[in-house]
């Protein structure tokens, strides 16, 4: 997994330039981070057009908010935070019901373990696991996650933020990040086990 | 396709699985999970497929590149047009 583009040392210099209103520094910030921000928005929303809107709004908001940025989190975490909030806001407008299932309840092993799929797809060859068809299925599975779980999974497992950075970006506790991450992963595991289980059966019947 | 038969131990373990596969769980709890896994093939499948799920998603992450049209529109929207440098020429 790639590391975040801006490390602490370059960040300090860049931040000083950004605070003085340097447009060149802002252009540099955009170039160093926009690939990750766009990818995050795309994984959150599943639509290129929506992702582009969120991308643009993220940097417009960042530009306005820069004077008040105190550097408590890294610039990248801060941008992730703006982008994910923008994406969640868009989803809330589109499907208000989806966000009311709030994932702040305590973890319930009883509910989470009901009807678990047990097909063991671990030993399928990698070539069969990562076909373009299964990649499409994997993307759809992300979209089937409740948005607040999706946000945690995207930041932690796809973008590689730490638990602490994910918590900062979402303004929730680290233990809440862990619970949501577990739920998201179990949900995706279940989907994939169902999908690859069917594939294995089809292959046997052929 | 079979379904998981859950003992109280299986359920107790479920809440720690994510940290277990990340290697972020305390040694004691790890040991308890590993002990349980010896006798519980179903939980072994759940753990292995959970780990595989995360691995597959990590491998399938697309590169963090901005398609060039999107970059140009973004720079225009931010009034940063003068910083759009021509794409690097192939050598």
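Can you find, within segment A:57-84, the residue that is farthest from the other protein chains (Cβ to nearest Cβ) among those that are within 20 Å of residue B:75 (Cβ to Cβ) and surrounded by fewer than 18 Cβ atoms within 10 Å (Cβ to Cβ)? Don't jump to the end; show me each part of the working.
To start, the set of residues in segment A:57-84 that are within 20 Å of residue B:75 (Cβ to Cβ) comprises A:57-66, A:75-76, A:79, A:82-83.
Pick out the ones that are also surrounded by fewer than 18 Cβ atoms within 10 Å (Cβ to Cβ) and you get A:60-61, A:64-66.
Numbers: A:60: 7, A:61: 11, A:64: 11, A:65: 14, A:66: 12 Å.
Filtering segment A:57-84 for residues that are within 20 Å of residue B:75 (Cβ to Cβ) and surrounded by fewer than 18 Cβ atoms within 10 Å (Cβ to Cβ), the one farthest from the other protein chains (Cβ to nearest Cβ) comes out as A:65.
In a residue-by-residue description of segment A:100-121, the property of being at pLDDT below 80, more than 11 Å from chain B (Cβ to nearest Cβ) and within 21 Å of residue A:161 (Cβ to Cβ) applies to at least one position. Out of the residues in segment A:20-56 meeting the condition of being assigned to a helix (DSSP H, G or I) and touching a residue at least 60 places away in the same chain (Cβ under 8 Å), tell me which one is surrounded by the fewest Cβ atoms within 10 Å (Cβ to Cβ). Result: A:39. In segment B:35-73, which residues are touching a helix residue (DSSP H, G or I) at 6+ places or on another chain (Cβ under 6 Å) and either more than 7 Å from chain A (Cβ to nearest Cβ) or more than 30 Å from residue B:20 (Cα to Cα) (or both)? Correct list: B:36, B:37, B:43, B:44, B:51, B:65, B:66, B:70.
Restricting B:2, B:7 to residues that are farther than 22 Å from residue A:161 by Cα, within 7 Å of chain A (Cβ to nearest Cβ), at pLDDT below 85 and surrounded by fewer than 17 Cβ atoms within 10 Å (Cβ to Cβ) narrows the list to B:2. For the residues A:165, A:159, A:117, the requirement of being crowded, with 21+ Cβ neighbours inside 10 Å, touching a strand residue (DSSP E or B) at 6+ places or on another chain (Cβ under 9 Å) and assigned by TED's automatic domain parsing to the domain that holds residue A:195 singles out A:117. Looking across segment B:20-36, the residues that are assigned to a helix (DSSP H, G or I) and crowded, with 16+ Cβ neighbours inside 10 Å come down to B:20, B:21, B:32, B:33, B:36.
Residues that are modelled with pLDDT of 95 or more and out of contact with any helix residue (DSSP H, G or I) (no Cβ under 7 Å at 6 or more places or on another chain) were ranked within segment A:66-88; the one that is farthest from residue A:143 (Cα to Cα) is A:78. If we scan segment A:186-193, do we find a residue that is surrounded by fewer than 22 Cβ atoms within 10 Å (Cβ to Cβ), away from chain B (no Cβ under 13 Å) and without any contact (Cβ under 8 Å) to a residue 60 or more places away in the chain? Checked segment A:186-193: no residue is surrounded by fewer than 22 Cβ atoms within 10 Å (Cβ to Cβ), away from chain B (no Cβ under 13 Å) and without any contact (Cβ under 8 Å) to a residue 60 or more places away in the chain.
The values are calculated or read from the model by the stated rules, or taken from the named source; none is laboratory data. The structure displayed is predicted, hence computed values, not measured ones. Neighbour counts run over all protein chains shown; Cβ positions are idealised from the backbone, glycine included.
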